[in-house]
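Below is the structure I would like to discuss, written out as structure tokens.
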Amino acid sequence: CRMTESKEKIVGILGGMGPEATVDLMQRIIRLTPALDDADHIRCIVDNNPKVPSRIKAIIEGDGEDPGPCMADMGRRLESWGADFLVIACNTAHYYYGAVQQAVSIPVINLIDLVANHVNDNFPNQRKIGILASPAVAMTGLYKQRFSRLGIEDVWPEPDHQASLLSIIKAIKKGNTGSKVRGEYSKVCQNLAHHGAEIALIACTELSALGGELPLTSLDAAEILAIEIVQVATNRKSLVGRADRGL
């Protein structure tokens, strides 16, 4: 057991935002890992914590408890339990990325930077990217700020379609993934295409968990994150932490 651990990095996952999305990320990690037996898989330490204060209430409604301290505590615990690097299994929660990184001495992968760089590197001719995400992601400007530095324009659904997308996200959190929800999701995607987006970025882990074929080319932030986790854990890619733990 110790021999395997010395060869590979252990990932700590700040999860529960929401729980199903966290399980979806773990399933992606398993699927992407070349494995012939249990021992070939990556060790994950997961805090699937649905008690993290609501990001929607804190950011959109403005009257919720700050999730930052709770997420920082999760990060510290994951580090103490042996994680070599951390990931946050939620796009919106990256608004509190700084609170987590400041709380630990190990690297914390920044999903927003990771995805923006992936788009820029792999789609150099695409300067207009549609975003499928919670309104909280739009309000915080997480992707807008990062994409603008790369000369990429972020395209969002019209207000009524964005409101519909929030309802879809809430429905998925309740376990509703039926045909009506999927039909509404397709309409939102069509609205993005109408506004000139040739590629849609799925930047919400609930929407990632929903899956399904979309009416335009799509990239999935959760899949990009899962690929990065596998590469870092298996030493195919390096990270540098605040205290440079040799990653």
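The values are calculated or read from the model by the stated rules, or taken from the named source; none is laboratory data. All of these numbers come straight from a predicted model, not from anything done at the bench. Every residue, glycine among them, receives a Cβ derived from its backbone with ideal geometry; neighbour counts consider all protein chains shown. Areas reflect the complete protein model, heavy atoms only, side chains present, ligands, DNA and RNA absent. Shrake-Rupley method; radii C 1.70, N 1.55, O 1.52, S 1.80 Å.
Can you quote the Å³ per residue value for the convex hull of the Cα atoms in segment 75-207, rounded to an integer?
Working: hull volume 16.0 nm³, N = 133.
Here the figure is 120 Å³ per residue.
Strictly greater than 26 Å: what percent of every Cα pair in the chain meets that? Each step should come with its number before you reach the end.
Working: 11450 of 30381 pairs.
Of all Cα-Cα distances in the chain, 38 percent exceed 26 Å.
First compute the accessible area of the chain with a 1.4 Å probe, then give the percent of it belonging to carbon and sulfur atoms.
Details: 5530 of 11450 Å².
C and S atoms contribute 48 percent here.
How many nm separate the modelled label positions at HIS194 and ARG149, each set 7 Å beyond the Cα in the direction of the Cβ?
Calculated label separation equals 3.4 nm.
Which value results when the Cα radius of gyration for segment 105-164 is divided by 2.2 N^0.38 Å? It would help to have the intermediate numbers written out before the result.
Values: Rg = 12.6 Å, N = 60, 2.2 N^0.38 = 10.4 Å.
Here the Cα radius of gyration is 1.21 times the empirical estimate.
Let me ask something additional. Count the net charge of all other residues whose Cβ sits under 10 Å from the Cβ of ASP154, scoring Lys and Arg as +1 and Asp and Glu as -1.
That works out to +2.
Hey, another quick one. Determine which lysines satisfy two conditions relative to LYS57: a Cα distance under 23 Å, and not lying fewer than 8 residues away in the same chain.
Here the lysines satisfying the reach criterion relative to LYS57 are LYS144, LYS170, LYS173, LYS174.
Output wanted: per-residue J couplings in Hz (rounded whole) for segment 48-59, from phi through Karplus 6.51 cos²θ - 1.76 cosθ + 1.60, θ = phi - 60°, x for Gly and Pro.
7, 9, x, 8, 4, x, 4, 5, 5, 5, 6, 9
How would you classify segment 40-134 from its alpha-carbon gyration tensor, with a ≥ b ≥ c the square roots of the eigenvalues: rounded for a/c under 1.5, else prolate if a/b is greater than b/c, otherwise oblate? If you can, show how the numbers build up before the last one.
Numbers: a/c = 2.22, a/b = 1.20, b/c = 1.85.
Note, shape of segment 40-134 comes out oblate.
Rounded to the nearest whole Å², what accessible area per residue is found for segment 113-247 with the 1.4 Å probe? Numbers along the way, then the final one.
On the way: 6250 Å² over 135 residues.
Per residue, segment 113-247 has an accessible area of 46 Å².
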